[in-house]
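The values are calculated or read from the model by the stated rules, or taken from the named source; none is laboratory data. Quick caveat: nothing in here was measured; it's all calculated off a predicted structure. As a convention, Cβ positions derive from the backbone with ideal geometry for all residues, glycine included, and neighbour counts pool all protein chains shown. The protein model used for the area step is the full one, side chains on, heavy atoms only, and it has no ligands, DNA or RNA in it. Shrake-Rupley method; radii C 1.70, N 1.55, O 1.52, S 1.80 Å.
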Amino acid sequence: KDELDASPATRKSRRTHCRIPRLQGCRSLHINEDNGRFLLLAVLIIVYLLCGAAVFSAIESPSELRAHGRWNRTLLNFSDTFNISLQDLSSFLKEYEAAIAAGVRVDALRPRWDFTGAFYFVGTVVSTIGFGMTTPVTVAGKVFLIFYGLLGCAATILFFNLFLERIITLLAVVMKAVRLRRLRTSGLLPPGICQDFAASTLPGWKPSVYHVMLILGLSAIVISCCASAMYTPVEGWAYLDSLYFCFVTFSTIGFGDLVSSQNAAYGYQGLYRLANFLFILTGVCCIYSLFNVISIVIKQVLNWMLEKMSCMCCQRCSKANAFLGRRNAIRPGSRLRRGRFGRTPDSDRPCDSDTEGRRLSGEMISMRDLTGSNKISLAIMQKQLSESANGYPRTVCGSSRQNGFSGGVGALGIMNNRLAETSDSR
């Protein structure tokens with residue numbers, strides 16, 4: 001009543017005074033969900049890099065210092081024994097390092113730039129492994145590599161995405177068949193029912209991302225163990241070194257400290273090189289798919305963290321605004337809560353604007369705000385009708401928006417709505 005009896009200037013000053021805490025509260029800290037997820041992931045990656053640097057520095061730094069000490073003692077002993085100055089010896093070693101970069105080794109190795117060696121090289125280029133044991137040294141080779149890698153890497157990434165799409169589809173079909181079999185054996189489905197009708201009884205079922213991650217992880221372990229069992233006797237590596245090589249290669253890290261199929265001759269050389277090619281191809285595809293499925297789990301963790309942070313922020317803002325009170329005590333009835341088209345808004349739906357938030361909180365709004373919100377609602381409805389008429393309606397339900405999987409690019413777009421955790425119906 002005091003608000004209605006007050007002058008327009010007084011009401012304007014009170015309205016301005018009441019808006020200040022809101023702008024200083026959650027509205028000033030509001031960040032788009034996708035941007036918040038991106039920033040949170042960037043911070044976590046930086047923390048992860050710092051922790052990894054600290055661990056590797058503590059583990060590898062003493063070994064590096066011991067290696068430098070042994071090498072300096074070796075240089076001094078060699079210089080004293082053969083009466084060669086350290087400067088001349090350093091110049092010789094630099095020439096040897098240049099020879100190593102060109103592919104010259106003390107041990108007998110196969111030629112680097114024959115057809116089979118060049119094929120191995122372009123395979124490491126387009127797969128982004130990049131061991132580094134073979135690099136072009138001519139200007140023409142470096143220029144050709146830039147354009148060749150640009151097209152080859154893009155095509156290989158597309159191949160990996162298509163492989164991911166098919167492996168998830170295959171796993172979904174197999175897991176759905178296993179689920180139907182379990183339902184039939186448990187007596188929930190009659191034994192004489194046809195397979196098509198049984199499949200139609202689970203129209204919305206999708207495999208869980210955790211089951212797919214477990215299957216891909218076990219597949220990667222099996223492939224790595226089998227490949228290591230082949231590399232250990234053929235290359236003469238320790239089994240742990242072979243496992244290390246498999247992970248570095250399959251994940252396309254490609255340090256180049258261990259490289260397979262580089263000796264001049266092998267027993268059953270053709271068979272070994274074919275097996276090496278198949279192991280690397282299947283391992284890279286499997287690890288790529290596993291990484292993308294793990295990224296879904298990481299995205300779920302980020303969504304959970306953002307939800308917790310949002311709840312904490314809202315609790316603080318509600319405690320701060322509890323002392324401010326409301327501008328009036330009049331509660332709008334059902335007539336004020338209904339929109340222009342007679343539809344009652346969902347109380348669980350997040351407020352799309354400050355006007356909508358004030359309307360649902362029981363505060364009076366101006367006619368300009370009311371007409372503006374109705375214009376926005378009308379524009380959204382016209383857009384939805386236009387998309388439906390053109391045959392490509394874009395429907396995003398609230399659950400998918402909360403899960404953060406309503407869209408995606410590349411591998412995330414492929415896995416969208418194919419797993420239980422990325423489905424719109426979840």
- Message: Residue pairs, Cβ under 7 Å, 6 or more apart or interchain, first in the range 201-214 and over 16 Å from SER295 (Cβ atoms) and open to solvent by 20 Å² or more (accessible area, probe 1.4 Å), second in a loop (DSSP other than H, G, I, E, B) and modelled with pLDDT of 60 or more. List them.
- Response: LYS206/ARG418; LYS206/LEU419; LYS206/SER423
- Query: Does the range 47-61 include one or more residues that are without any contact (Cβ under 8 Å) to a residue 12 or more places away in the chain, surrounded by fewer than 11 Cβ atoms within 10 Å (Cβ to Cβ) and over 36 Å from the mean Cα position of the chain (by Cα)?
  - Reply: no
- Note on the structure: Residues of the range 98-124 being part of a loop (DSSP other than H, G, I, E, B), modelled with pLDDT of 85 or more and surrounded by 11 or more Cβ atoms within 10 Å (Cβ to Cβ), in sequence order, are TRP113
- Do we find a residue being in a helix (DSSP H, G or I), crowded, with 16+ Cβ neighbours inside 10 Å and under 39 Å from the mean Cα position of the chain (by Cα) anywhere in the range 133-142? no
